[in-house]
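J.: Got a structure here, written out as structure tokens. Questions coming.
What follows draws every value from the coordinates through simple rules; no lab data is involved. Small disclaimer: the values here were computed from a predicted structure and weren't measured. Cβ sites come from the backbone with ideal geometry, for glycine too, and all protein chains shown count toward neighbours.
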Amino acid sequence: MPYSTPDVAKLIPYYCLNTPEIWRTSVPVICFYIVEWHHADRVLRQFGMTQPIPEPPKDLGDLHEVTLKGKTQVDWYQRHHPWIAQWQAWATTVIESPPATTALTRRSEYMEWYRRHTRRWIGPDSAAIGFVVDTADRLITQIYQDGSSFQPFAQEVGMGCKTILQTVGGQLPPFAQMSFQPSHVDHQVNDDRF
């Protein structure tokens, strides 16, 4: 569980440790004039729960444009009262999801959504690795779906992708290395291969 190590726990307010359900609420978080939305529905895996496809982020309208310039007399409690009321009702917004009993596979509905909606690569090296692994995954999956007689060709595709990576200076991540090893055993595709 997050926040459970002693060095981190000592930095967290008592009410957060006393009621860990607060970690899974969907409420505004307020600090003087700043209001941000706590999207706990996007991080349920860190609480040991199944991660469904999340709802779109909460739109807080013009709150991100608020500045302190010329606002020395603003009563922020009064101005943000609707947001504060939502925060005070946090117990009504605790997010529940079934326990995650298996690993999150590359081909799960959530991971398919995640790959379409996130910036997955930070630099050129990780982009090269990701591109090759994604390409090989699609090719090998298609080949296996067409029949196990194509398995030797699938292995050749995988070895070709490994050669490309070595040429561009990247290394396959450990979770993908086993997928590109030559094999003389005919077997079915495994969703956890990448």
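J.: Starting from the Kirkwood Rh over alpha-carbon pairs, what translational D in µm² s⁻¹ does the range 33-131 have by Stokes-Einstein at 20 °C and 1.002 mPa s?
T.: Approximately 125 µm²/s, per Stokes-Einstein.
J.: May I ask you to sort 42, 138, 106 by Cβ crowding, counting other Cβ atoms within 10 Å and putting the fewest first?
T.: So the ranking, lowest neighbour count to highest, is 138, 42, 106.
J.: I want to make sure I understand the PRE zone here: with the label point 7 angstrom from the Cα of residue 84 toward its beta carbon, which residues in the range 1-44 have backbone N atoms less than 18 Å away?
T.: 27-37
J.: Shifting gears a bit: Sort 39, 81 so that the residue with the fewest other Cβ atoms within 10 Å of its own Cβ comes first and the one with the most comes last. Before the final figure, lay out each step's value.
T.: Values: 39 15, 81 11.
Neighbour counts put them in this order, fewest first: 81, 39.
J.: Now for a different question. Between residue 39 and residue 122, what FRET efficiency comes out of the Förster formula 1/(1 + (r/R0)^6) with R0 = 25 Å and r the beta carbon distance, rounded to 0.05? The partial results should precede the final answer.
T.: On the way: r = 21 Å, r/R0 = 0.85.
Taking R0 as 25 Å, the efficiency between residue 122 and residue 39 is 0.70.
J.: If you take the beta carbon distance between residue 62 and residue 138 as r and set R0 to 41 Å, what does 1/(1 + (r/R0)^6) give as a FRET efficiency, to the nearest 0.05?
T.: So, using R0 = 41 Å, E works out to roughly 0.45.
J.: Where in the range 109-139 is the amide nitrogen less than 12 Å from a point lying 7 Å along the Cα-to-Cβ axis of residue 53?
T.: In the range 109-139, the label zone of residue 53 (backbone N under 12 Å from the point 7 Å along Cα→Cβ) covers 109-117.
J.: Would you please give the FRET efficiency between residue 100 and residue 30, computed as 1/(1 + (r/R0)^6) with r the Cβ-Cβ distance and R0 = 41 Å, to the nearest 0.05? Present the calculation step by step, with values, prior to reporting the outcome.
T.: Numbers: r = 31 Å, r/R0 = 0.75.
Rounded to the nearest 0.05, the efficiency is 0.85.
J.: Further question: Can you compute the modelled spin-label distance between residue 107 and residue 4, with each label point 7 Å from Cα toward Cβ, in nm?
T.: Here the modelled spin labels are 3.2 nm apart.
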